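The structure under discussion appears below in the form of C-alpha cells.
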Amino acid sequence: MAANSSALETVDADYKSRSILDLIGLKGKVTVVTGAARGIGLALARGAAELGSDVAILDTLPEPSEDIKSWEQLGVHIKYYRTDVTQLDKLTEVFSNIRADFGHIDNCITAAGVVLDKPFHDHEWNESAKVLNVNVMGTFFCAQLASKAMKEQKKGGSIVMIASNAANVAIPSRNMSIYTASKGAIQSLTKALAVELAEYGIRVNSVSPGFIATEMIMEACRKDSDLWNVFNSKPPLGRVGTRGDLKGIVGYLLSDAAAYTTGTDVVVDGGLACGHN
Ligand SMILES: NC(=O)c1ccc[n+]([C@@H]2O[C@H](COP(=O)([O-])OP(=O)(O)OC[C@H]3O[C@@H](n4cnc5c(N)ncnc54)[C@H](O)[C@@H]3O)[C@@H](O)[C@H]2O)c1
C-alpha cells in the first residue's frame, strides 16, 4: 500500500467502529489464571469474569478461598483445577482438560508465586530453587502451554504475567534477593515472548505490583509489626495497594483495547518506583 492519504484513511477507519466499553469486554473468551485460589490471582480471575470471560482457575490449594461458583451469576462458566505449576506432566494434562471443558484458551494470567524474605547471606539452595521453580519455571511453562493452544486456534491471545515492583526498586524494610531475581526474569521473559509470539497474534505483557494487601504481605507484617506502616506510608499515594487496584489494568491488557500493546511492563505501585522519602 502506498503511503498516501487513502492509506491513512484505510488504517485509521476503525477508530470509531468499536466503543471503548466494547473493546475492553472479554465476552466469549476463556481466561486461565494461575495461583488464583486466593490473593491477587483470585481478584484477577474475578475481574476477567466481570468482563464476561469464562475462567479456569489453577492453584495448589485444596479449594479457592471464596465461592467462585457464585460468580456464574455473571453469566460465565468458572472451573477450579487443583494443580501445581511446577509439575509439568500434570500441568500439561490440566491445560488439555481446560481446552476440552471450555473449547479454547484465549487469555492466560500467571499469578502463582512464592516469596522468600531473609538476608542474602542466609538464603539456602533448596528454598531459593523453589522460588525460581514456581515464579520463573512455572510461569514459563504455563505461558508455553497457553500459547501453544492459542497458536493452534489461530485467533491470537493475550498473556499477562505478574512480576513485581521489587524488580524495579529496592523494597524498603525487606530482603528479597532471590524473589527479586525471579521477578526480573519475568520482566525479561515478557519482552522475549512478546517478540517470539507476535507472529501468532499473541500479546505478552507483565504487571509489576507494589505493596498489595494480601496474605503474602500480611504474613510478613505478622513477623514485623512496623511493615504495615511502611506499606501505608512509603508509596507517594499514601496507602497500601489493594487487589482491586490491579483488576482494571490486567483486564485492559487482556482485552482488545490493548491490541497494540505487547512486551511492556505496567507498574502499579502508588508511585513507589518514582523514589520515596
Ligand atoms: N502481594 C504483593 O504485595 C505482591 C507484590 C508484587 C507481586 N506480587 C505477586 O503477585 C502474585 C500473587 O501474590 P499474592 O500476594 O496474591 O500471594 P498469595 O500467597 O496470596 O497467592 C499466591 C497464590 O499462588 C499459589 N501458588 C503458590 N505456589 C504455587 C504452585 N506451585 N502452583 C500453583 N499455585 C501456586 C498459592 O497457593 C496462592 O494461592 C505472586 O506472583 C506475587 O509474587 C505480589
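What residue, of Gly28, Gly52, is touching a Gly at 6+ places or on another chain (Cβ under 9 Å), open to solvent by 30 Å² or more (accessible area, probe 1.4 Å) and assigned to a loop (DSSP other than H, G, I, E, B)? Full working, then the answer.
Values: Gly52 fails: open to solvent by 30 Å² or more (accessible area, probe 1.4 Å).
When all the criteria are applied, what remains is Gly28.
Working only within region 12-22, note down all residues that are of a type in the set (A, V, I, L, M) and either on the phi > 0 side of the Ramachandran plot or open to solvent by less than 100 Å² (accessible area, probe 1.4 Å) (or both). Break it down into steps so the answer makes sense when it comes.
Of region 12-22, the ones of a type in the set (A, V, I, L, M) are 13, 20-21.
Within region 12-22, just Ala13 meets the criteria.
Within region 111-131, is there a residue that is touching a Ser or Thr at 6+ places or on another chain (Cβ under 7 Å), away from the ligand (no atom under 16 Å from the Cβ) and part of a loop (DSSP other than H, G, I, E, B)?
The answer is yes, given that some residue of region 111-131 is touching a Ser or Thr at 6+ places or on another chain (Cβ under 7 Å), away from the ligand (no atom under 16 Å from the Cβ) and part of a loop (DSSP other than H, G, I, E, B).
Just give me the residues in region 160-170 being open to solvent by 20 Å² or more (accessible area, probe 1.4 Å) and either in contact (Cβ under 8 Å) with a residue 40 or more places away in the chain or on the phi > 0 side of the Ramachandran plot (or both), in sequence order.
Ala167, Asn168, Val169
Is it the case that region 67-84 has a residue that's within 9 Å of the ligand (Cβ to nearest atom) and in contact with a Phe, Trp or Tyr (Cβ under 8 Å, 6 or more places away or on another chain)?
So far as region 67-84 goes, no, none of its residues is within 9 Å of the ligand (Cβ to nearest atom) and in contact with a Phe, Trp or Tyr (Cβ under 8 Å, 6 or more places away or on another chain).
Tell me which of these Glu124 doesn't satisfy, since it passes every other one: (1) open to solvent by less than 70 Å² (accessible area, probe 1.4 Å); (2) more than 29 Å from Lys151 (Cβ to Cβ); (3) among the acidic types (Asp, Glu).
Result: Glu124 fails condition (1) only.
Inside region 169-247, counting only helices (runs of 4 or more DSSP H) that do not spill past its ends, which hold 2 or more residues that are among the charged types (D, E, K, R)?
177-197, 215-223
The values are calculated or read from the model by the stated rules, or taken from the named source; none is laboratory data. Owing to the predicted nature of the structure, the values given are computational and were not obtained by experimental measurement. Please note: Cβ atoms are built from the backbone with ideal geometry, for glycine as well, and neighbour counts cover all protein chains shown. Side chains included, ligands, DNA and RNA excluded: accessible areas come from the protein's heavy atoms. Shrake-Rupley method; radii C 1.70, N 1.55, O 1.52, S 1.80 Å.
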